[in-house]
1. With region 66-109 as the region, which strands (runs of 3 or more DSSP E) entirely inside it contain at least 2 residues that are under 12 Å from the mean Cα position of the chain (by Cα) and over 22 Å from Gly24 (Cβ atoms)?
2. Note down all Cβ pairs under 9 Å where the first residue falls in region 25-52 and is farther than 22 Å from Pro122 by Cβ and in contact (Cβ under 8 Å) with a residue 12 or more places away in the chain, the second is outside any loop (DSSP other than H, G, I, E, B) and aromatic (Phe, Trp, Tyr), and they're at least six residues apart or on different chains.
3. Restricting the search to region 78-91, which residues are among the β-branched types (Val, Ile, Thr) and exposed (fewer than 15 other Cβ atoms within 10 Å of the Cβ)?
4. With the condition kept exactly as written, say whether any residue in region 92-101 is in contact with a strand residue (DSSP E or B) (Cβ under 9 Å, 6 or more places away or on another chain), more than 14 Å from Pro20 (Cβ to Cβ) and surrounded by 13 or more Cβ atoms within 10 Å (Cβ to Cβ).
5. Could you tell me which residue of region 92-121 is farthest from Asp49 (Cα to Cα), considering only residues that are without any contact (Cβ under 8 Å) to a residue 60 or more places away in the chain and not hydroxyl-bearing (Ser, Thr, Tyr)?
6. Taking only pairs six or more apart or across chains, which ones have beta-carbon atoms under 6 Å, a first residue in region 78-91 that is under 14 Å from Thr65 (Cα atoms), and a second residue that is among the charged types (D, E, K, R) and surrounded by fewer than 17 Cβ atoms within 10 Å (Cβ to Cβ)?
7. Taking Gly57, is it buried (at least 16 other Cβ atoms within 10 Å of the Cβ) and small (Gly, Ala, Ser)?
8. Given the conditions (1) modelled with pLDDT of 95 or more; (2) crowded, with 19+ Cβ neighbours inside 10 Å, and given that His104 satisfies all but one, which numbered condition is not satisfied?
Amino acid sequence: MSKVVSPKNMAASLVELWSPRVIGEVDDAYIKVAKVHGSLAWHAHEDEDELFFILKGHLRIELETGAVELGEGEMFIVPKGVRHNPVADEECQLLLIERKSTLHTGTVATERTRSLEEQLRPV
């Protein structure tokens, strides 16, 4: 059964950086929130698009062709197969929409990479 949630409040309550948490699902996609600061890692999702929606703050998504700057209330979709690196110069809170098959940092593993089990932990 569905329930009312506040993605903004859920993202604000997170303690860990770069550790997305699943807050809902729609068909084949997870809705996630995250609190980020600094740089994640250059990576790609070969078979999945990734939607970034900024709840609070500012996010730069570095792409091999340039960078996309996102402010509060703005969104950007990274197409499947496109290498990208999310960077937040200051703390940023975001909402992500990704297919359930999407690996956090694609085939790249770093100390910031989170498993699906970690992302499914309660907020």
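The values are calculated or read from the model by the stated rules, or taken from the named source; none is laboratory data. As the structure is a prediction and not an experimental result, all values here were calculated from the model. Positions of Cβ are backbone-derived with ideal geometry, glycine not excepted, and every protein chain shown enters the neighbour counts.
1. 84-99
2. Leu51/Phe76; Phe52/Phe76
3. none
4. Checking region 92-101: not a single residue is in contact with a strand residue (DSSP E or B) (Cβ under 9 Å, 6 or more places away or on another chain), more than 14 Å from Pro20 (Cβ to Cβ) and surrounded by 13 or more Cβ atoms within 10 Å (Cβ to Cβ).
5. Glu111
6. Here the result reads Pro79/Asp49; Gly81/Glu46; Arg83/Glu64; Asn85/Glu62, each pair linking region 78-91 to a residue that is among the charged types (D, E, K, R) and surrounded by fewer than 17 Cβ atoms within 10 Å (Cβ to Cβ).
7. Judged against the criteria, Gly57 is a match.
8. (1)
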